[in-house]
Amino acid sequence: MALLQTELKSHRCRGLSFLSILNAAALVITILFWGLVFFSKAVLWPGHSTELPERANAAVTYGFMIGDVLYAVPLLLLACLGIWRLKSWGWMAAQMANVLWIYSLTVILFRDAYTTISPGSLVFLPFALIAFWAIPYLWIRRKDFGIE
């Protein structure tokens, strides 16, 4: 019986393979995006501006960067590895990362509606849209991860 469960666990459907690879791509894109923002100094550090709106915008940008580095990057790494290996912790990390995509893009798109479309909106919107599909899909596939 244990051998049969091992064989079943080693078989990953296309949808789960897609999500694992997508999370790996999102991880790389997130690191590259924030690395570019930080090292190019495209956005001044909040304390380097005298205008309140510019300081607020910079603080929001750097706040998202810090949040992504502390939370999204580790979750994306765990999600891509854990989904690939069909581990329950990978399923949970993926669900958490999906919620972060939806939450973050809601804030960003609302801000952009009152200012201009930001590069982050364009880069990360596809991940948020896929998250709307991935959340129920992962829920349906939870038995593949040993979750009853």
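Every read-out reported here was derived from the displayed coordinates using simple, explicitly stated rules and does not represent laboratory data. Predicted, not measured: the structure shown is a model, and the values here were computed from it. Counting neighbours? That spans all protein chains shown, and the Cβs are built from the backbone with ideal geometry, glycine included.
The charge dipole of the stretch 72-148, taken about the Cα centre with unit charges on the Cβ atoms of Lys, Arg (+1) and Asp, Glu (-1), comes to about 200 debye, rounded to the nearest 20. Net charge of the neighbourhood of A94, taken over other residues with C-beta under 14 Å away and scored Lys/Arg +1, Asp/Glu -1, is +4.
If only the Cβ of Lys and Arg carry +1 and only the Cβ of Asp and Glu carry -1, the dipole of the chain around its Cα centre is close to 460 debye. Return the FRET efficiency for the residue pair D112, I21: r is the Cβ-Cβ distance, R0 is 22 Å, and the value is rounded to the nearest 0.05. Efficiency for this residue pair is about 0.20.
Convex hull volume per residue, computed on the Cα atoms of the stretch 88-146, equals 61 Å³. Of all trypsin sites (Lys or Arg not before Pro) in the stretch 25-86, which ones are in loop regions per DSSP and have a Cβ with at most 15 other Cβ atoms within 10 Å? Sparse-neighbourhood loop trypsin sites (Lys or Arg not before Pro): K41, R85. Based on alpha carbons, the Rg and Dmax found for the chain are 17.9, 68 Å.
Scanning the chain for long hydrophobic helices, with DSSP H runs required to stretch 27 angstrom or more by C-alpha along their axis and to average at least -1.0 on the Kyte-Doolittle scale, returns 14-40, 88-113, 119-140.
Between the residues P53, A94, S104, the greatest Cα displacement towards the positive end of the dipole of the chain, with unit charges on the Cβ of Lys, Arg, Asp and Glu, is found for A94. Top mean-square fluctuation among A24, A113, A131, Gaussian network model of the chain, C-alpha springs under 10 Å? Ranking A24, A113, A131 by mean-square fluctuation puts A113 first. The helix-based estimate of mean residue ellipticity at 222 nm for the chain, built from -39,500 (n - 2.57) per DSSP H run of four or more residues and divided by its residue count, is -26000 deg cm²/dmol to the nearest 500.
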